[in-house]
1. Here is a check on your reading of the model: is Lys179 in contact with a helix residue (DSSP H, G or I) (Cβ under 8 Å, 6 or more places away or on another chain) and either small (Gly, Ala, Ser) or open to solvent by 20 Å² or more (accessible area, probe 1.4 Å) (or both)?
2. Suppose we keep only residues that are crowded, with 18+ Cβ neighbours inside 10 Å and among the hydrophobic types (A, V, I, L, M, F, W, C) within the range 64-77. Which one would you say is nearest to Asp135 (Cα to Cα)?
3. Give the residue that is surrounded by the fewest Cβ atoms within 10 Å (Cβ to Cβ), with candidates limited to residues of the range 80-103 that are under 17 Å from the mean Cα position of the chain (by Cα) and touching a residue at least 60 places away in the same chain (Cβ under 8 Å).
4. Please enumerate the residues belonging to the range 117-175 that are open to solvent by 70 Å² or more (accessible area, probe 1.4 Å), in a loop (DSSP other than H, G, I, E, B), more than 25 Å from Asp203 (Cα to Cα) and not charged (D, E, K, R).
5. Being over 13 Å from the mean Cα position of the chain (by Cα) and in a strand (DSSP E or B) is the requirement here; does Leu109 meet it?
Amino acid sequence: MKIKSLQTFVVLSLLFVTISSAQNYRIQNGIGVYGGLTQFDIDTDDFATEKGNGWIVGLAATVDIPHRWYNVSYNIQLGENRLGIAALPLGGTQAEFVDYKIFTAQIALVGHLKLIKKYLTLDAGPMLQYNSDLDLEDETKETYIIDGFNTIRANDILEISNFNVNATVGLTAGFDSFKIRGQYIYGFTNILGKLNDKTFSEDVDFIGNQNMFVFSAMFVF
């Protein structure tokens with residue numbers, strides 16, 4: 001079911017990009033295909049977290065607005081990210097970081113402020129995200145107790161919020177056929193909010209906002 005939801009999200013996003021670009025603007029810069037590395041984390045007071053590395057691939061349709069100081073692009077990107085959450089083995093006293101994976105599909109409408117014509121731009125815009133639940137990488141650690149709690153286990157916190165609203169800001173530099181891009185993505189919605197629908201013996205209001213750094217290289221056709 002999760003895979004079908006992710007596929008549906010991606011197909012609808014691609015359709016949105018194609019229709020919007022074709023009807024409203026003349027595409028001058030073509031289609032960009034990019035891939036890169038990510039660093040993912042969740043800002044929260046409820047868990048002790050450790051940033052994790054991942055990867056990302058994407059498509060960008062850049063729409064040139066002639067004689068303007070900005071461009072606009074539609075972006076779709078898919079990624080696999082990791083983070084660590086501190087937990088203790090049963091009966092243990094020393095916490096360690098338990099690794100989780102999270103898959104993301106994102107669509108963004110990004111404005112590009114031309115700092116040095118089209119060769120260097122300042123990028124910013126809103127982003128919609130569908131993400132999977134957390135996936136515990138080592139199932140032998142599913143009974144570990146999350147650091148700071150008495151009864152909440154590592155496999156009790158997998159079901160996070162699957163739809164989130166983010167913002168992205170960054171820089172893009174390069175030429176017509178090749179560009180590099182650095183992005184910072186911050187989540188405005190509570191990605192841990194779904195945990196508050198569960199019944200725990202401990203009283204806690206989970207609040208967390210994702211943040212992600214992305215460094216990628218793009219080939220433009």
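The values are calculated or read from the model by the stated rules, or taken from the named source; none is laboratory data. If you're wondering where the values come from, they're calculated on a predicted model, not measured in any experiment. Glycine also receives a Cβ, built like all others from the backbone with ideal geometry; neighbour counts cover every protein chain displayed. Protein only, heavy atoms only, side chains kept; ligands, DNA and RNA dropped before computing areas. Shrake-Rupley method; radii C 1.70, N 1.55, O 1.52, S 1.80 Å.
1. No; evaluated as a whole, the condition is false for this residue.
2. Ile76
3. Ranking the candidates gives Phe103 first.
4. Within the range 117-175, Tyr119, Phe175 qualify.
5. Numbers: over 13 Å from the mean Cα position of the chain (by Cα): yes; in a strand (DSSP E or B): yes.
Taking the combined requirement at face value, the residue satisfies it.
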